[in-house]
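Taking it in order: structure first as structure tokens, then the write-up.
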Amino acid sequence: MKNPNITDRKYLALSVFISPAVVLVILFYFVPVILTLLIAFTDMDRSLQWNFIGFDNFAKLFGLKGKDPFIGKIIKNTLIYIAGALPLTIGGGLLLSILSMKIDRNAGVFFRAIFFIPRAVPPVVWGFLWVWAFEGTRYGLFNAIRTALGLPVVHWFIKYPMLIVIMANGFLGISLAMLVFSSAIASIPRDLTRAAEIDGATDWQITRYVIIPMLKWPILTMTAWHLMSFVNSYVYIMLITNGGPYYATEVWSLYAYHAAFNRYRYGYGASLITVLVLVNIALLFIVLKAFGVRKMLSRGKIEV
Amino acid sequence: MISVTLKNLKKYFGEVRAVDNLNLQIGEGEFMALLGPSGCGKTTTLLTIAGFYKPTAGEVYFNDRMVNDIPPRSRNIGMVFQSYALYPHMNVLDNIAFPLKLKKQPKKVWRKKAVEVAKLLQIDDLLDRMPAQLSGGQQQRVALARALIKQPQLLLLDEPLSNLDAKLRIVMRAELKRLQKDLGITTIFVTHDQMEAMTMADRIAVLKSGKLQQVGTPDELYDEPANVFVASFIGTPPMNFIRGSLLKSGSSYVFECEHFRILLDEVVVQKIRRFPVTNNVILGIRPEDVEMGRGEIKGEIYVVEPMGRDTLVTVKFGDVYIKVLTSSTVKYSIGENVSLSFKSDKVQLFDGETEESLYVKGRDER
Ligand SMILES: Nc1ncnc2c1ncn2[C@@H]1O[C@H](COP(=O)(O)OP(=O)(O)OP(=O)(O)O)[C@@H](O)[C@H]1O
Ligand SMILES: [Mg+2]
């Protein structure tokens, strides 16, 4: 028989220990989400008045009542950005991890360490590095080189703003993807690649038919991770181009930020965020479905 | 089929001499076992022959051709790894056919050949399974099928039976031996199990700490071990060793230790090729070559271990213990006083210092 007193005491102790965490989660996660949701149905601005206007914000967003002239461009930007940064991250990470495992051990470690630097520096520094490198005057890194070679300066940010933003974020993504892929490759049993070599496989065939298939789970995980990250994060874009020039690199999450905190249209910004949250939930659902939740959460991401 | 020659082969990993000056010839179609305890350099030797390791020094020849600079994929070798190394993401058919698919052979061709090999190894009903769905014995056959499908000129097997349970191992031992004889492929087989080597191989090369101890047929190793290590490694239950001195008395020789002395038979004396520097020697005698009941060696029974057909009796003389294999028909009990004798032509003598057999010439003279 269970002693009810002991169980009670256990629950009491449990709730005492767990309650701060619960309070924090509620305070910093649920409350903001609910607030955002509520604000999305108001036309709240700088004056912070709660004036409920029903679905007007969403109607405007989808062009049903009134029209946001930028929304089409924002969606297009977001898609281009993700379509560029995601393959760059996964493909680059894969390529670099495979190459770095091929070369001498110490050189490989050094090589991977270099590519991990972007993760180690503060976002502001990383952002500034790109701004400085592609600065449109002769003081920017690349233009300084061009000037030295007697070539005219190029206005990089006017000509290729999206490309720069994609690369800055992609390189950041590569560092994590490469780390994950490298450790996955390192855990592939040596005998397996040796067997392939004895079977007559070239380096490329070993990579194509043995290594990459065995990285299936790490690749899927990293794809999902970075997909969500590119949908939601705007910090680096904000630091590098701030969405410009003239909305050329303004993606959805940055647009929401600008609406709320630059133009003080809190209500509209909140509705943009709400849509983003819904997109996130949909993506999460698709990802979990595609992976099989249980498989992803269970161990053995590298099949041996 | 090819012959394989290892000439002064060395493979060092920093300070570790995994293979130390190995000289070995494996004839066409021969089944050679590399036998030795864990860490003696068997796998390293195999991987060097396969081309995964560059020798620190020395050469590997296939027939008369030096292959040191030929990459593994061009050596036409079939290999079965200790872990089997099946590709986990491919089914059995694709695993077996992988070497042919790499060569871009048409599907009709590789399919037909894979099914043929699978039939040979009796795994043709498993072709759709994934490796994870196979038992150890089945995995081993798939690995073997994959090694055989490209009709290699040399087959390398790294402890292929060690992951199987005892019963299956005995079955596979016989099957593998038969298969090797049927196909006639030159085969190098690595094992640390002397029984496996004895039962399967045409010849055995015994290694210790990267150094070759002895090469010979199973009978040669059993009857004429070159040193104490080989003598103790081969045969179960292992050989008995007794330290003592070799003394000359008139025209005959006497082995003397603390507890007994025996006059060495003429046959034994005939076999001695050289005499030890000092008279310090080690006498070796296999448990089945000791006879109970009569003789001048007297001792007391220490323990009795029945093994079915035979019984293993340990006899104690002071601080010396001798194991004797006797027929189970006679019963012995602990504490009983017995006398025993050695089958005179079966006695081995080793140099007490170098532990080399006195029956073969010294290393330098060989
Ligand atoms: N890649 C390596 N780097 C450094 N040392 C190694 C390497 N491979 C093997 N060795 C060392 O070389 C020696 C021989 O190893 P090897 O694997 O050839 O032994 P083995 O006879 O196959 O043993 P086992 O029966 O345990 O498989 C060991 O001392 C081992 O530690
Ligand atoms: Mg080994």
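Details
- Projecting the Cα atoms of A:Leu95, A:Ser182, A:Leu61 onto the dipole axis of chain A, where Lys and Arg carry +1 and Asp and Glu carry -1 at the beta carbon, places A:Ser182 farthest toward the positive end.
- In terms of the mean number of neighbouring beta-carbon atoms within 10 Å, the peptides A:187-194, B:243-250, A:90-97 order highest first as A:90-97, A:187-194, B:243-250.
- Peptide-level mean, for A:186-195, of C-beta atoms on other protein chains within 10 Å: 5
- Computed over region B:33-153, the range of Cα coordinates on each principal axis works out to 45, 34, 24 Å, biggest value leading.
- Pairs of Lys in chain A closer than 16 Å at Cα, counting only those 8 or more apart or on different chains: 5
- On the basis of the beta-carbon distance and an R0 of 35 Å, B:Glu353 and B:Glu291 show a calculated FRET efficiency of 0.70.
- Gaussian network model of chain B, Cα within-10 Å springs - most flexible of B:Val67, B:Val347, B:Val304: B:Val304
- Neighbouring Cβ atoms from other chains, within 10 Å of the Cβ of residues in B:71-82, number 4 on average.
- Spherically averaged projected area of the convex hull of Cα atoms, region A:81-153: 6.9 nm².
- Projected onto its three principal axes, the C-alpha set of region B:1-64 covers 35, 24, 18 Å, listed from the longest axis down.
- Derived scalar couplings ³J(HN,Hα) [region B:235-247; Karplus, 6.51 cos²θ - 1.76 cosθ + 1.60; whole Hz; x for Gly, Pro]: x, 10, x, x, 4, 8, 10, 10, 7, x, 10, 9, 10
- Residue with peak Gaussian network fluctuation, chain A [Cα springs, cutoff 10 Å], from A:Phe17, A:Phe116, A:Phe70: A:Phe17
- Stokes-Einstein translational diffusion, region B:105-230 - Kirkwood Rh over all Cα pairs, 1.567 mPa s, 4 °C, in µm²/s: 80
- Lysine pair count for region B:254-333 (Cα-Cα distance under 23 Å; residues 8 or more apart in sequence or on different chains): 5.
- FRET efficiency, A:Ile26 to A:Leu141 (Cβ-Cβ, R0 35 Å, nearest 0.05): 0.15
- Semi-axes of the equivalent ellipsoid for region A:1-92, Cα gyration tensor, largest first, Å: 44, 26, 11
- Nonlocal amide H pairs with B:Arg17, under 5 Å, H built at 1.01 Å: none
- Helix-derived mean residue ellipticity, 222 nm - over chain A, DSSP H n ≥ 4, -39500 (n - 2.57), to 500: -22000 deg cm²/dmol
- Value of Rg to Rh for the protein assembly as shown, rounded to two decimals, is 1.18; Kirkwood radius and Rg both from alpha-carbon coordinates.
- Leading residue at positive end of dipole, region B:23-91 (Cβ point charges), from B:Phe62, B:Pro88, B:Ile77: B:Pro88
- Enclosed volume per residue, in Å³, of the convex hull spanned by Cα atoms of region B:214-366: 115
- Amide hydrogen neighbours beyond the local backbone of B:Lys208, cut-off 5 Å, H modeled: B:Gln213
- Within the full protein context, the accessible area of B:Val228 is estimated at about 20 Å² for a probe radius of 1.4 Å.
- Base-10 log of normalised Debye intensity for chain B (one unit scatterer per alpha-carbon) at q = 0.10 Å⁻¹: -0.74
- Rg and Dmax over the alpha-carbon atoms of chain A stand at 24.5, 90 Å.
- Using the average count of surrounding beta-carbon atoms within 10 Å as a protection proxy, the listed peptides B:180-190, B:143-153, B:162-172, A:142-152 rank, highest first, as B:143-153, B:180-190, B:162-172, A:142-152.
- Gaussian network model of chain A, springs between alpha carbon atoms under 10 Å - residue of A:Trp50, A:Trp130, A:Trp225 with greatest fluctuation: A:Trp50
- Applying the Karplus relation 6.51 cos²θ - 1.76 cosθ + 1.60 with θ = phi - 60° to region B:214-230 yields 3J(HN,Hα) values of 6, 10, x, 6, x, 5, 4, 5, 6, 8, 10, x, 6, 7, 4, 4, 4 Hz, where x marks Gly and Pro.
- Taken one residue at a time, the phi angles of region B:2-12 give Karplus couplings (6.51, -1.76, 1.60, θ = phi - 60°) of 10, 9, 10, 10, 9, 10, 6, 6, 10, 9, 10 Hz. Gly and Pro are set to x.
- Here the ratio of the Cα radius of gyration of region A:71-249 to 2.2 N^0.38 Å is 1.20.
- Normalised per residue, the accessible area of chain B is 46 Å², obtained with a 1.4 Å probe and no contribution from ligands, DNA or RNA.
- Scanning residues 5 or more positions from B:Val281 or on other chains, those with amide H under 5 Å from its amide H are B:Gly244, B:Ser245, B:Leu246, B:Gly352, with H placed 1.01 Å from N in the peptide plane.
- Ratio of Rg to Rh over region A:1-159 (Cα coordinates, Kirkwood Rh, two decimals): 1.18
- Structure-based [θ]222 nm, chain B - -39500 (n - 2.57) summed over DSSP H runs of at least 4, per residue, nearest 500: -7000 deg cm²/dmol
- Ranked by how many other beta carbons lie within 10 Å on average, peptides B:291-297, B:331-337, B:50-56 from highest: B:50-56, B:291-297, B:331-337
- Among the residues of B:88-95, the average count of other protein chain beta-carbon atoms within 10 Å of the residue beta-carbon is 3.
- Using the Cβ-Cβ distance between A:Tyr160 and B:Lys119 with R0 set to 60 Å, the FRET efficiency from 1/(1 + (r/R0)^6) comes to roughly 0.45.
- Computed magnitude of the charge dipole of region A:71-249 (debye, nearest 20; Cβ of K, R +1, Cβ of D, E -1): 300
- Annotation for region A:111-134 versus region A:135-204: alpha-carbon center distance of 13 Å.
- When +1 charges are put on Lys and Arg Cβ atoms and -1 charges on Asp and Glu Cβ atoms, the dipole computed for the protein assembly as shown relative to its Cα centre reaches about 3000 debye.
- Charged-residue dipole, Cβ positions (Lys, Arg, Asp, Glu), chain B about Cα centre, Debye nearest 20: 1880
The values are calculated or read from the model by the stated rules, or taken from the named source; none is laboratory data. Remember, it's a predicted structure, so these values are computed and weren't measured experimentally. Positions of Cβ are generated from backbone atoms using ideal geometry, with glycine treated the same way; all protein chains shown enter the neighbour counts. Note: accessible area is taken over every heavy atom of the protein model, side chains too, but ligands, DNA and RNA are not part of it. Shrake-Rupley method; radii C 1.70, N 1.55, O 1.52, S 1.80 Å.
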